[in-house]
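Have a look at the structure below, then the notes.
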């Protein structure tokens, strides 16, 4: 009787152990990050899995690639002058991410008074 019980325990442990290993296998997600306003590729965007030290950054063409685990739930995209974006990770492998500029960092044009004429000036706040 003890040997049958031991066999059942061993079989159950091996089944649960292999399920855990299968669920923890990482997979690669990739994509491209562009700006909302100009539709340009954004270089240097920090991308990380929330709550971990798993991170990467975008290349000059805005592309990225990151190995993640199925239990990871949220990706964070950050770049100075742009709003931080958090997205839920799904089974999807390819992501197209669009970041919007923060309101106070967008460049704007205003007229400055001059002695002889109006002069256009480009200003940006950082």
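Bear in mind these aren't lab numbers, they're just calculated from the coordinates by the rules spelled out. Note that the structure is predicted; figures quoted are calculated from it, not measured. All Cβ positions, glycine included, derive from the backbone under ideal geometry; neighbour counts span all protein chains shown.
Residues in region 22-48 that are without any contact (Cβ under 8 Å) to a residue 40 or more places away in the chain and outside any loop (DSSP other than H, G, I, E, B): 22, 41, 46, 47, 48. Does residue 52 satisfy the criteria of being closer than 21 Å to residue 88 by Cβ, out of contact with any helix residue (DSSP H, G or I) (no Cβ under 8 Å at 6 or more places or on another chain) and free of Cβ contacts under 8 Å to residues at least 40 places away in the same chain? It is true that residue 52 is closer than 21 Å to residue 88 by Cβ, out of contact with any helix residue (DSSP H, G or I) (no Cβ under 8 Å at 6 or more places or on another chain) and free of Cβ contacts under 8 Å to residues at least 40 places away in the same chain. Residues in region 52-84 that are in contact with a strand residue (DSSP E or B) (Cβ under 6 Å, 6 or more places away or on another chain), loosely packed, with under 14 Cβ neighbours inside 10 Å and in a loop (DSSP other than H, G, I, E, B): 2 in all.
Figure legend. Inter-residue proximity from region 80-99: first residues on the phi > 0 side of the Ramachandran plot and touching a residue at least 24 places away in the same chain (Cβ under 8 Å), second residues surrounded by fewer than 10 Cβ atoms within 10 Å (Cβ to Cβ) and part of a loop (DSSP other than H, G, I, E, B), beta-carbon distance below 9 Å, spacing 6+ or different chains. Indicated pairs: 81/126.
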